[in-house]
Amino acid sequence: MEKVMVKGTEAIGEAAIRAGCRHFFGYPITPQSELPEYMSKRLPEVDGVFLQTESEVATVNMLYGAACTGTRVMTSTSSPGFSLMMEGVSYMACAQLPAVFVNVVRGGPGLGDIQPAQGDYWQATKGGGHGDYKLIVLAPATVQEAVDLTVLAFDLADKYRTPTLILADGLLGQMMEPVEFPEFRDLSTLPDHSSWAMTGAKGRKPHIITSFDIDPYILEKMNLELVKKYREIEKNEVRWEEFKTEDADIVITAFGTVARIAKSVVEMARKDGLKVGLFRPITVWPFPYEPLKKLAEKVDLFFDVEMNMGQMLEDVKLAIGGEKPVAFYSRMGGVVPTPNEIYEALKKEFGRRE
Amino acid sequence: MKKLLYKMPESLSGKEFTYCPGCHHGIVHRLIAEVIDELGIREKTLVVAPIGCSVFAYQFFNMDGTIAAHGRAPAVATGMKRARPDLYVFTYQGDGDLAAIGTAEIMHAANRGEKVTTIFINNAIYGMTGGQMAPTTLLGMKTTTTPYGRDAQKDGYPMHMCEFLKEAKGVAYLARTKVTTPQDVEKTKKAIKKAFLAQVKGIGFGLVEVLSTCPTNWGMDPISAMKWLEENMIPEYPLGVFIDKVGDEK
């Protein structure tokens, strides 16, 4: 298939349609409004439904309703908007409703700004809403990967009956790159949800979908069912990329846009004869604890780089378990670090420890 | 010859209602079930229960159902209807759910003319949480959060949802009723039927507000509660049909 030049946000939209998504509900917020705009134009061409909602609160509940009927459904938003969706996401996780969310993360906290950031890592991976739940969180680093992970997000949502999240950022959303789109999914081949979906109780008992039981012993059973599912996901769905780690003395840990920048840093360091590699979680939940732990056996120093105050850093340290030092470099507030500044910081850190 | 005059509607599950004695939820549930039976749409109808005393509504109706987050039933119903326009969707909501936390969702669903139906129970109080002030609480009315009576200067005025909604162009049927007498029960059933027909015929959004009693939280016996409703709620919330684009059945 030929490659086409496309913007990150629009690439995610087209990938969703090719994955069989025909329902999109969304509310404008910078820097992701091109995605709902794209869907508003594109979905009617494939007999799909686009609806601009009155708020992110309404959006997530429309997703809840559409997902109840067993259809593939999606929304996209940016940080403050995703915060507003948290109650509904918690409901959907408990009610075991598949849906795909896209958070094009911007600078925060509060109103923040509209520049790229990674400050929503904790919200995305540690829960975000109330109660015990997890989202499968995929963090693309290129536009092509955003396409591939969007398709995967729908498949995993259906497979595990759970909401999934594409954790992108303003840089990836606004960037144009050549991508190869997958073929259109034949809608008749999508997973069959007739055993639980609300499709009308014709010739069968009613299907009830709730995130509720007043009996604590029954609710505990529901909780345990979720835990079992999350353990299953942790076993099967951990994804990560290692770049030049085979002989590395120093390994940079980074996700999303920063990981992409860190690749340039690896190349710069290698030219100078420094053995630097990159470890990039693709699923930030489930986090690749084991592969990172394994890497710690042969690496002298880890260098975590993020566009936040050190959120993934906690998971990196958890994986490494104090065996090896973990240094940290960050920019915040929507400032994107350059390869040069990361490299300089890395050299300084390395020199200090030599 | 024996003739069966009264039976459990097929659209009710048969599960015993959990409502307090004298509460009007049960009457309205039954009327909705009768209407769905008469329209023959039970197997194609989805119920969206609210947060409040009627959180268990999904158990009482014999059809596919869910519970929406507080106030969000119209958004959930919108998602369902947009995904499955061939099905019928109704929300059942109380005054806290619809007229306080869910005001944005009901206004926009109505204004978009979503082809869904909403049955709105207005009993002027929060029932399930134990009798706090609702947006529809009357002035001077004592609740657990207005122990000195609702004061307009401090607590604002009773919320008139039908009067707000009647300006929304997407609304196809809009009425306010009560169920304190057999005649009122009949009128309410007709209104509920029209609110469903607005959806079945694809005309637009339908809503019926039913003024109801809450003897437990009003601190009255059921008979006094009905009398109180007649004397105090009707002057504040006049009954009537505000919008009817459905027309009369031939």
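Exactly one residue among A:294, A:263, A:228 is in a helix (DSSP H, G or I), free of Cβ contacts under 8 Å to residues at least 12 places away in the same chain and outside the structural domain of residue A:136 (by TED's automatic domain parsing), and that residue is A:294. Could you tell me whether residue B:78 is crowded, with 24+ Cβ neighbours inside 10 Å and touching a Cys at 6+ places or on another chain (Cβ under 6 Å)? Here the answer is no, as residue B:78 does not meet what is asked. The single residue among A:182, A:191 that is part of a loop (DSSP other than H, G, I, E, B) and either farther than 29 Å from residue A:5 by Cβ or not assigned by TED's automatic domain parsing to the domain that holds residue A:154 (or both) turns out to be A:191. Cβ separations smaller than 6 Å between residues 6+ apart or across chains give the following pairs from region A:336-354 residues that are within 10 Å of residue A:261 (Cα to Cα) to residues that are surrounded by fewer than 18 Cβ atoms within 10 Å (Cβ to Cβ): A:339/A:264. Just one of (1) over 27 Å from residue B:68 (Cα atoms); (2) under 15 Å from the mean Cα position of the chain (by Cα); (3) not hydroxyl-bearing (Ser, Thr, Tyr) fails for residue A:98. It is (1).
Checked across region A:249-263, the condition of being over 20 Å from the mean Cα position of the chain (by Cα) and surrounded by fewer than 16 Cβ atoms within 10 Å (Cβ to Cβ) holds for at least one residue.
Residues of region B:95-122 that are under 18 Å from residue B:135 (Cβ atoms), charged (D, E, K, R) and in contact with a Gly (Cβ under 7 Å, 6 or more places away or on another chain): B:97, B:105. Among the residues of region B:181-198, those identified as in contact (Cβ under 8 Å) with a residue 60 or more places away in the chain and either within 11 Å of residue B:210 (Cβ to Cβ) or touching a strand residue (DSSP E or B) at 6+ places or on another chain (Cβ under 9 Å) (or both) are B:185, B:188, B:189, B:192, B:195, B:196, B:197, B:198. Residue check: residue A:56 meets all listed conditions (1) under 20 Å from the mean Cα position of the chain (by Cα); (2) crowded, with 24+ Cβ neighbours inside 10 Å; (3) within 11 Å of chain B (Cβ to nearest Cβ) but one, namely (2).
Look at region B:73-90 and say how many of its residues are more than 7 Å from every other protein chain (Cβ to nearest Cβ), touching a helix residue (DSSP H, G or I) at 6+ places or on another chain (Cβ under 6 Å) and not aromatic (Phe, Trp, Tyr).
Residues of region B:73-90 that are more than 7 Å from every other protein chain (Cβ to nearest Cβ), as a first pass: B:73-74, B:81, B:85-86, B:88-90.
Keeping just the survivors that are touching a helix residue (DSSP H, G or I) at 6+ places or on another chain (Cβ under 6 Å) gives B:74, B:88-89.
Narrowing the set further to residues that are not aromatic (Phe, Trp, Tyr) leaves B:74, B:89.
Total meeting the criteria: 2.
Taking region A:1-113 and the helices (runs of 4 or more DSSP H) fully enclosed by it, the elements with 3 or more residues that are over 19 Å from residue A:182 (Cα atoms) and of a type in the set (A, V, I, L, M) are at A:56-68, A:79-95.
For the subset of region B:62-72 comprising residues that are facing chain A (nearest Cβ under 8 Å) and of a type outside the set (Val, Ile, Thr), which member is farthest from residue B:205 (Cα to Cα)? The qualifying residue farthest from residue B:205 (Cα to Cα) is B:62. When you look at residue A:323, is it farther than 29 Å from residue A:110 by Cα, without any contact (Cβ under 8 Å) to a residue 12 or more places away in the chain and of a type in the set (Asp, Glu), yes or no? In short, no.
Only one entry of B:61, B:56 meets the criterion of being out of contact with any Phe, Trp or Tyr (no Cβ under 7 Å at 6 or more places or on another chain) and either without any contact (Cβ under 8 Å) to a residue 40 or more places away in the chain or of a type in the set (Gly, Ala, Ser) (or both), and that entry is B:56.
Yes/no per residue for (1) among the polar types (S, T, N, Q); (2) surrounded by 16 or more Cβ atoms within 10 Å (Cβ to Cβ):
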site	(1), (2)
A:285	no, yes
A:288	no, yes
A:293	no, no
A:297	no, no
A:320	no, yes
A:338	yes, no
A:342	no, yes
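When restricted to residues that are surrounded by 16 or more Cβ atoms within 10 Å (Cβ to Cβ), out of contact with any Asp or Glu (no Cβ under 8 Å at 6 or more places or on another chain), within 14 Å of another protein chain (Cβ to nearest Cβ) and within 12 Å of residue B:60 (Cα to Cα), region B:1-38 contains 2. Kindly indicate whether any position in region B:106-125 is touching a residue at least 40 places away in the same chain (Cβ under 8 Å), in a helix (DSSP H, G or I), among the charged types (D, E, K, R) and crowded, with 16+ Cβ neighbours inside 10 Å. Among the residues of region B:106-125, at least one is touching a residue at least 40 places away in the same chain (Cβ under 8 Å), in a helix (DSSP H, G or I), among the charged types (D, E, K, R) and crowded, with 16+ Cβ neighbours inside 10 Å, which makes the answer yes. When the residues of region A:1-30 are filtered to those that are of a type outside the set (D, E, K, R) and surrounded by fewer than 20 Cβ atoms within 10 Å (Cβ to Cβ), the one that is nearest to the other protein chains (Cβ to nearest Cβ) is A:28.
Considering only region B:133-250, give the helices (runs of 4 or more DSSP H) lying wholly within it that have at least 1 residues that are basic (Lys, Arg) and buried (at least 18 other Cβ atoms within 10 Å of the Cβ).
Fully inside region B:133-250 and qualifying: B:182-200.
Among the candidates A:310, A:322, the residue that is closer than 20 Å to residue A:125 by Cα and either modelled with pLDDT of 95 or more or outside any helix (DSSP H, G or I) (or both) is uniquely A:310. Of all residues in region A:167-224, those satisfying the criterion of being out of contact with any Lys or Arg (no Cβ under 8 Å at 6 or more places or on another chain), within 13 Å of chain B (Cβ to nearest Cβ) and among the basic types (Lys, Arg) are A:204, A:205.
The values are calculated or read from the model by the stated rules, or taken from the named source; none is laboratory data. All figures in this text were calculated on a predicted structure; none of them were measured in a lab. Note: ideal-geometry Cβ built from the backbone for every residue, glycine included; neighbour counts use all protein chains shown.
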